[in-house]
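The values are calculated or read from the model by the stated rules, or taken from the named source; none is laboratory data. Bear in mind the structure is a predicted one, so any value in this text is a computation, not a measurement. Heads up, the Cβs are rebuilt from the backbone with ideal geometry, glycines too, and the neighbour counts pull from every protein chain shown.
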Amino acid sequence: MANYYSIQDPILHEIEIKKSRFLTYLIPIQSEAEFQEHLASIRKEHYKATHHCQAYILEEDSSVQRMSDDGEPSGTAGMPMLEVLRQNELTYIMAVVVRYFGGIKLGAGGLIRAYSTAVSEALGEAQMIQNVSQMLVHVTVEYNQVDRFNYQLEQGSLPVTLMDTVYTDKVQYQLAIGLDVLEDVHKQLTELFNAQFVWDELGEQTVNVPREV
């Protein structure tokens, strides 16, 4: 079960509507201080822009939510942006839409659609992640066992996330395994290798893995 959903890396996406340019920045953040730092940087880079509208959500339960229309008519920018983030159940994320006014007014409805679309399209390019509580496990096997293990990974028959692989005199896989399937995975590997492998639990951690669709 996911602790929360967010995005992996920053995204910059641009659209043009009736000669106005809308540049959307989506950035994963952990605090309001981070939000302020990124916002200041964006304002500095786009100091000639008409508006720098904002929305962000923080905490695992999404309890911190803020938005700003930054000079656009009330409710036409920040709230639509925030609503897109909410609908995608995202947190620890900020969105800033920089608008360069093109001379044609869009009206309230047009602005709401523009800012919603700007954030939605940017999210379409983002790598969605889910933060989950998993056990980190080192599984060490002999080289003659590698093909069997890699085949299981490629087939997706093992509900694990491969974090790292180290090659020495043996091969060590670092796996992130959901707590609810930990025992099942250990049983599968025991049967696969006839108990001829090393299983070393490193401890429980929260990790980011691709979001399940």
Consider the range 42-59. How many of its residues are closer than 17 Å to residue 93 by Cα and either modelled with pLDDT under 95 or among the β-branched types (Val, Ile, Thr) (or both)? 2
List pairs: first residue in the range 199-213 and in contact (Cβ under 8 Å) with a residue 60 or more places away in the chain, second residue outside any strand (DSSP E or B) and not basic (Lys, Arg) anywhere in the structure, Cβ distance under 8 angstrom, at least six positions apart or on different chains. 199/186; 199/189; 204/179; 208/8; 210/127
Residue 181, sole failed condition from (1) under 17 Å from residue 1 (Cβ atoms); (2) loosely packed, with under 15 Cβ neighbours inside 10 Å: (2)
Could you pull out the residue among 95, 33 that is among the hydrophobic types (A, V, I, L, M, F, W, C) and free of Cβ contacts under 8 Å to residues at least 12 places away in the same chain? 33
Conditions (1) buried (at least 18 other Cβ atoms within 10 Å of the Cβ); (2) free of Cβ contacts under 8 Å to residues at least 60 places away in the same chain -> residue 168 fails only (1)
On the given criteria, is residue 39 modelled with pLDDT of 95 or more, under 24 Å from residue 213 (Cβ atoms) and assigned by TED's automatic domain parsing to the domain that holds residue 59? no
Does residue 105 count as among the basic types (Lys, Arg), in contact (Cβ under 8 Å) with a residue 40 or more places away in the chain and in the same structural domain as residue 33 (by TED's automatic domain parsing)? no
For the list (1) β-branched (Val, Ile, Thr); (2) in a strand (DSSP E or B); (3) under 30 Å from residue 27 (Cα atoms), I need the number of the one condition that residue 213 fails. (2)
Does any residue in the range 66-81 that is touching a residue at least 60 places away in the same chain (Cβ under 8 Å) come within less than 9 Å, Cβ to Cβ, of a residue that is in a loop (DSSP other than H, G, I, E, B) six or more places away or on a different chain, and which pairs are these? none
Residues of the range 135-171 that turn out to be in a loop (DSSP other than H, G, I, E, B) and of a type in the set (Ser, Thr, Tyr), as a count: 2
